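Notes to accompany the following structure.
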Amino acid sequence: MENNLKIRIKGTVNVGGRKTRIIKFRLNPIQMQFAQYVAFCWDRGLPIKALEPKPRQIGSTTYWQALGFTLCVLDPGWHVLTVAHTEGAGTEIFGKTRTFLRHLPQEWKLELTSEKRNSIEWANGSKSWIGSSSEGDAFGKGPTPSMLHFTEPASYGDRGQDPYAPVVSAHGALDDNPKQSETIVVYESTAKGRDPIFWEECELARNPRSGSEYTLLFVPWFHDPHYSMPWKEYRRRFTLLGKEDPGATFVLTEDERILREKIAVVVVKPIELTWRHRFDISDAQLIWRRWAIQNTCKGKIHLFERYYPATYEEAFSASIRCMFDQDTLNHYYQGAFEPKAVGNLESTGPEVVLKHTAEGRVKIWKYPQSGEEYVLGADVGGGEKLSDPCAAYVLNSHTLEVVAALHANMDWDDYTQELVSLGRFYNWAELVVENNYNPAVATTLFKDFGYPNLYHYTFEGQLKGTPNKAGFNTNRRTRPELISYLDSATRGRKLQCYDIGFAREMEQFVYVQKEDRYRATGKNHDDRIMAVALAIYRCEGKEGARVKPDDLSPDMQRSQELADFVKRMSGAERQETLNLITYL
């Protein structure tokens, strides 16, 4: 049915000053694959639930809008809700539907009851309307939809709004539809790293054991016949512009040869037919790819792989701005696994014990070993829901293996107590706490708790007589050094970290040109990143300062002397002595 729709769509042609022209809508090869999936579901009485990580400009949005419009015309009472990532994008997308309406053949025209900028209603009870993700949970207040079309859901959280709100509210409205087997839900988006909505849903869809009803539809760029260019045309463009002649014949680069060979031998399992593809990429397609990298993607292969992916995995490659390359991200994602135990630490006399609870703040991958030395890196956050969480990671100081983590929103005084307990639990780990967001944490650890193994930052060129402050001050001078240690440890795979939360933060740790630094942007966080970086900084040999007795009160002088004495003990002696001190 879809291949014979008598719908005319607007083709915007902006070449040579020619006027916009109207062309008959005919499915291209990629749209035909979508139509085959729709026909498959309809033939078996299944709801259409699709997730589509897509290359740019393949006609995906146009296809789903055309399908929804056609159903509104042919099926009385059909309701189509489209959710765009911005209001401007929504206006552009709904322009396609309005164009379908204006150029509908006379025999298909129906009486309208309402036509607005963002909605169309027919006398047959059908309606098509669009909104943006910024409307949040407002989608649950409209009519019950028959079809949900989410465009660019990977970008729903870009402007600070809750990315889940529009999705949850729209699905809530769809759940009220009594004809669930006839409903359509489509997510189609250019991938944007491992975002919290689109990527996670795609991963569930491709996992046969997840229980997800969604079908993953991935079509690579080389399935679009328009993405090709003869060598003669490529050469003509260069020579006409006065560029160096690329040669009379096309010669593969090493990168192009590897891509062609890799795609030609892809093994496609039966359950992967909708998202994994074997293909013989032609010379003309590789020539176009070379041209697009140079002229559309600023010479960056990583940009091309993101916007014109050849594989599903490429579609979710990280932004070029990310500090960590894709291999590093994959390494830490694939290496993540659930902790051995989750709970809260409690002091019982001379000991600290873990009380197991699924909602606990502390995750443990390896319990403390007698004689081992640990470093505890701590980033200070806040207790409010929207503030950065507090994060702390315990690393084995010799192997750089993460053995435990603490992550939660909590007030600074509660966090301070948690750090003391976590440090005690791991043989009085050396505690490196950030002191610039809330200096009270480091000060309290030092002066009130008398934590005996607390890091004091010192730096080359420090003025003589300047007292060393407890903790680590992250500033414009120290932060690049801190991050460089983290970068080296991750790229060299020296850091062993099994926490999926850390891997997710790695992907959102991007370069902000205006500030000339790497950090998390929008509603993303980098507290885990900074906590691990603090621990690595110390593990890799950055000695802290011993606080001079003259800088301390008499009580703190005794605490410092005791700490120095304990540090000289063996691991087992140290643990026994510190437990006794705590008990007394």
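The values are calculated or read from the model by the stated rules, or taken from the named source; none is laboratory data. Here the structure is a predicted model, which means the values were calculated and not measured. Cβ placement follows ideal geometry from the backbone for every residue including glycine, while neighbour counts extend to all protein chains displayed.
With the requirement that a residue be of a type in the set (D, E, K, R) and assigned to a loop (DSSP other than H, G, I, E, B), what does region 354-365 give you?
Of all residues in region 354-365, those of a type in the set (D, E, K, R) come to 355, 359, 361, 363.
359, 361 - these are the residues of region 354-365 that are of a type in the set (D, E, K, R) and assigned to a loop (DSSP other than H, G, I, E, B).
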Considering region 190-212 alone, what residues qualify as being closer than 20 Å to residue 166 by Cβ and in contact with a strand residue (DSSP E or B) (Cβ under 6 Å, 6 or more places away or on another chain)? 191, 198, 201, 202, 205
Restricting attention to region 400-408, does a residue exist that is assigned by TED's automatic domain parsing to the domain that holds residue 474, modelled with pLDDT under 95 and of a type in the set (Val, Ile, Thr)? no
Determine if region 126-134 includes at least one residue that is part of a loop (DSSP other than H, G, I, E, B), at pLDDT 95 or above, small (Gly, Ala, Ser) and out of contact with any Asp or Glu (no Cβ under 6 Å at 6 or more places or on another chain). yes
Quick one: is residue 292 under 30 Å from residue 518 (Cα atoms) and assigned to a loop (DSSP other than H, G, I, E, B)? no
Quick one: in region 42-54, of everything that is surrounded by fewer than 24 Cβ atoms within 10 Å (Cβ to Cβ), in contact (Cβ under 8 Å) with a residue 24 or more places away in the chain and out of contact with any Asp or Glu (no Cβ under 6 Å at 6 or more places or on another chain), which residue is farthest from residue 305 (Cα to Cα)? 45
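Residues are listed down the side, and each one gets a yes or a no for (1) modelled with pLDDT of 95 or more; (2) assigned to a loop (DSSP other than H, G, I, E, B):
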site: 505; (1), (2): no, no
site: 518; (1), (2): no, no
site: 522; (1), (2): no, yes
site: 533; (1), (2): yes, no
Residue 267 passes all but one of (1) surrounded by fewer than 16 Cβ atoms within 10 Å (Cβ to Cβ); (2) in contact (Cβ under 8 Å) with a residue 40 or more places away in the chain; (3) among the hydrophobic types (A, V, I, L, M, F, W, C); (4) part of a loop (DSSP other than H, G, I, E, B); which number fails? (2)
Residue that is in contact with a helix residue (DSSP H, G or I) (Cβ under 8 Å, 6 or more places away or on another chain) and either at pLDDT below 90 or surrounded by 21 or more Cβ atoms within 10 Å (Cβ to Cβ) (or both), where the choices are 378, 292: 378
Tell me yes or no: at least one residue of region 328-347 is over 23 Å from the mean Cα position of the chain (by Cα) and of a type in the set (Lys, Arg). yes
Could you run through region 496-537 and say how many residues are buried (at least 23 other Cβ atoms within 10 Å of the Cβ) and more than 21 Å from the chain's Cα centre (by Cα)? 4
Quick one: would you say residue 498 is at pLDDT 75 or above and outside any strand (DSSP E or B)? yes
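Given 357, 296, which one is assigned by TED's automatic domain parsing to the domain that holds residue 391 and not acidic (Asp, Glu)?
Working: 296 fails: assigned by TED's automatic domain parsing to the domain that holds residue 391.
Just a single option satisfies the conditions, and that option is 357.
For region 457-495, give me the residue count where each residue is part of a loop (DSSP other than H, G, I, E, B) and either under 26 Å from the mean Cα position of the chain (by Cα) or modelled with pLDDT of 65 or more (or both).
First, the residues of region 457-495 that are part of a loop (DSSP other than H, G, I, E, B): 457-469, 473-478, 492-495.
Okay, now just the ones that are also either under 26 Å from the mean Cα position of the chain (by Cα) or modelled with pLDDT of 65 or more (or both), so 457-458, 468-469, 473-478, 492-495.
Of the residues in region 457-495, 14 are part of a loop (DSSP other than H, G, I, E, B) and either under 26 Å from the mean Cα position of the chain (by Cα) or modelled with pLDDT of 65 or more (or both).
Name the residue that is surrounded by the most Cβ atoms within 10 Å (Cβ to Cβ), counting only residues in region 162-185 that are over 20 Å from the mean Cα position of the chain (by Cα) and outside any helix (DSSP H, G or I). Talk me through it step by step, then tell me what you get.
Of region 162-185, the ones over 20 Å from the mean Cα position of the chain (by Cα) are 169-185.
Next, from what is left, pick out any that are outside any helix (DSSP H, G or I): 175-179, 183-185.
Details: 175: 11, 176: 11, 177: 17, 178: 6, 179: 10, 183: 17, 184: 22, 185: 19.
Looking at the filtered set, the residue picked out is 184.
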Report, by residue number, each residue of region 507-516 that is part of a loop (DSSP other than H, G, I, E, B) and closer than 15 Å to residue 388 by Cβ. 508
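Results for (1) over 18 Å from residue 534 (Cβ atoms); (2) assigned to a loop (DSSP other than H, G, I, E, B), shown as yes or no for each residue.
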{"position": "303", "(1), (2)": "yes, no"}
{"position": "309", "(1), (2)": "yes, yes"}
{"position": "342", "(1), (2)": "yes, no"}
{"position": "352", "(1), (2)": "yes, no"}
{"position": "367", "(1), (2)": "yes, yes"}
{"position": "375", "(1), (2)": "no, no"}
{"position": "388", "(1), (2)": "no, yes"}
{"position": "394", "(1), (2)": "no, no"}
Condition first: over 23 Å from residue 89 (Cβ atoms) and of a type in the set (A, V, I, L, M). Now tell me which residues in region 103-120 satisfy that. 104, 110, 112
Tally up the residues in region 465-495 that are of a type in the set (Phe, Trp, Tyr) and surrounded by fewer than 16 Cβ atoms within 10 Å (Cβ to Cβ), please. 0
Residues located in region 201-232, provided they are in contact (Cβ under 8 Å) with a residue 12 or more places away in the chain, within 26 Å of residue 260 (Cα to Cα) and charged (D, E, K, R): 206, 224
